[in-house]
Amino acid sequence: MVGRRNTVGNRAQFGSADRVGAICRALRQAIVERAVVPGDRLPEDALGERFGVSRTIARQALGQLASEGLVELRRNRIAVVATPSWEEARDTFDIRIGLERLVVARLAGSIDAVQEAALQAHVDSEEAAQRGGEPGSIRLATEFHLLLAQMTLSPVLERYVGELAYRCALILSLYSRPHSAECAVAEHRALIAALTAGDVARATSLMDRHLDAVAERARIVAAPPQPRDLLRVLAPYAEVAL
């Protein structure tokens, strides 16, 4: 955790675009880790206070997240964490499956020893996180897919895989039912083996089954919203954001 003094000092060095990006990254992580959930309000003034920025900067960050489908902008400048319908949720997973087929097709047979080691180390972290609770596990599982997209060296794939992965994490916070994170770890290890072996058909099949299994871990009935203190919830994310 970055100290408060260093965080405040760093803020002075950031331009507005940097601050918007930092807030977006922090809120995406908060969504993935279920610190904020669908339906939670994200007032501009509260975000500005917590992240030490103007309401204008907070508004720009919310606009960016709205363009990614993570936030809904309502009348009177009210922003809330998005609440996708079940139909939108299923479509999002279907589109993500198609997109990540492209990722595995690009990577199969081209993974070098350094990349394989990085992927295995990441899955080691996922396995260790099982002892620390579900939010950390979900974040690391999401980041595994982002790491694969980065390895394609395609900015387009990296961008859209990232957006869809975060939207899927949001959907799971709304619809998911309890499950064992051991499934994801085993599926990720099998996928690494297929990519390293250059087996495109197997890697594609594994990715399809893996993402379909993630989608099937969802339930149709959403959990009722719980009251939250936004300033308290976002405090650890603001500490490291700017």
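Can you figure out the FRET efficiency of residue 193 with residue 232, using R₀ = 30 Å and their beta-carbon distance, to the nearest 0.05?
0.10
If the chain between residue 64 and residue 186 were fully stretched, how many nm would it gain, using 0.36 nm times the residue separation less the Cα-Cα distance?
Length difference between fully extended and current span is 40.5 nm.
For 160, 166, 237, give the ranking by accessible area with the largest first, probe 1.4 Å.
Descending accessible area places them as 160, 166, 237.
Please give the solvent-accessible surface of residue 68 in Å², to the nearest 10, using a probe radius of 1.4 Å with every protein chain present.
10 Å²
How much of the accessible area of the stretch 107-155, in percent, comes from carbon and sulfur atoms when a 1.4 Å probe is used?
55 percent
Please work out the FRET efficiency for the pair residue 154 and residue 74, using the Cβ-Cβ distance as r and a Förster radius of 35 Å; give the result to the nearest 0.05.
0.50
In the stretch 17-91, carbon and sulfur make up what percent of the accessible area (probe 1.4 Å)?
Carbon and sulfur atoms account for 44 percent of the accessible area of the stretch 17-91.
Quote to one decimal, in nm, the extra length available between residue 208 and residue 131 on full extension: 0.36 nm per residue of separation minus the C-alpha distance between them.
Gain in length upon complete extension: 25.0 nm.
Run the Debye formula on the Cα coordinates of the stretch 65-172, all scatterers equal and no solvent, and tell me log10 I(q)/I(0) at q = 0.12, 0.16, 0.18, 0.20 1/Å.
Computed log10 I(q)/I(0) values: -0.49, -0.82, -0.98, -1.11.
The values are calculated or read from the model by the stated rules, or taken from the named source; none is laboratory data. All values reported here derive from a predicted model rather than from experimental measurement. Reconstructed Cβ throughout: ideal geometry from the backbone, glycine too, with neighbour counts over all protein chains shown. When the accessible area is computed, the model is the full protein with side chains, heavy atoms only, and any ligands, DNA or RNA have been set aside. Shrake-Rupley method; radii C 1.70, N 1.55, O 1.52, S 1.80 Å.
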